[in-house]
Structures are given as structure tokens and as C-alpha cells.
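The values are calculated or read from the model by the stated rules, or taken from the named source; none is laboratory data. All figures in this text were calculated on a predicted structure; none of them were measured in a lab. Neighbour counts are summed over all protein chains in view; Cβ atoms, including those assigned to glycine, are modelled from backbone coordinates with ideal geometry. The protein model used for the area step is the full one, side chains on, heavy atoms only, and it has no ligands, DNA or RNA in it. Shrake-Rupley method; radii C 1.70, N 1.55, O 1.52, S 1.80 Å.
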Amino acid sequence: MARKKVRTFIILLTLVIQLLFLSAIFIEKLQSNYTPIVIIFLCLLILVSYIKAPIHHRTNLYEHILIVIWIPAGALTCYFLNHSYHLGPVISAGIVGTTASFIPVINKKSTYLKQLPATFYCGAFIGMTSLTIASTVYFVLAASFFAGVLLLVSKSLFNGLGGKLGTVAFTAVTITSFLFFLLFKK
């Protein structure tokens, strides 16, 4: 029963964050009389996709905790490549993702190593965050923690739908930004 409540909360949290994000984009970029209609239409489309899409599967309910500890490694590597070496967010994430894709070659029979590239890549999405939002390593570590928690509880959610890792990272960065704003506002 508690797992069902956690899953429902994660789905609703993701839905609300996506709707707020899309609304902000359209309000900022689409200054016309049709903006509210477009936002309502997109909200309905997203809601229908959440209801109709098979976003929950009963297998593999929770990811092993030792998998998500690699999210900070991917996030920090991408963060430093992006900001210290000025490679840019896309190239930095590409380097992290490509490098991580070779990890399963170390032991092709290991199911643990086969799961690491996705975890590193989820962290790379956090490392792509702009310095105006993620100004310190502590922010990246906090966002990595939230991404790990979200990835753990959402393992059986959104299977087969593209963008899960980016959505998890985006949600984690949004939560961290909100908490840092509340805790450290000047």
C-alpha cells in the first residue's frame, strides 16, 4: 500500500513539474491571446498520455541502492567538464555517456555493470545545469541525491517511454533549486 502511494506521488509530482515547465515556456515565448488555450490543450494531452500510456510495470520494482550511488559520479564529471574545461553541456554529457557505455565491457556477465551507463547518464543530465542554477558542487551533490531517490522509487514507472532519465534529473534539479531558494535566499 505504501509503495502504491509513493508511485502515485511520483507520477503526480512529475506531471505537475512538466505542466509548470511547459506553461512557463509558453507564457514566456508565446505572447498571444491563444496562450491559455495552447497551455490547456498541452496539459490535456499530457494528462491523457499519463492515463493511457503503460507507465507502470510490476517487474523490477526497486533499483538496487548500489546502482544510484553512481549518479553523483556522472553529475560531477559532466559538471567539471562543462564548467572547468568549458566543453559545453552537450559535449560534456556526450563524453560522460559515451565513456559510461563501455563500463559493461569490463565484465559482460555482470548485471550490475550493465545498469551503470544509464545511471551515469542520468547524473550527466544534472551536470549539464547552468552555473546560474547550479553554482556549487553542493548543489550538484544535492540534486544527485534527489535523482537517486527518484530513480529508486520510479524504477517500475515510465518503462518504455523515452526521457525518463532526463525527467528524473530535471525533477531533482527543480526540487534542489526550490530547497536551496528556501534555505539560502538572501
Counted charge near VAL38, where neighbours are those whose Cβ lies closer than 14 Å (Asp, Glu -1; Lys, Arg +1): 0
Volume in Å³ per residue [convex hull over Cα atoms, computed for the range 91-164]: 110 Å³
Virtual spin-label span in nm between ALA2 and THR132, 7 Å along Cα→Cβ: 4.2 nm
Rounded to the nearest 10 Å², the accessible area of VAL149 at probe 1.4 Å: 60 Å²
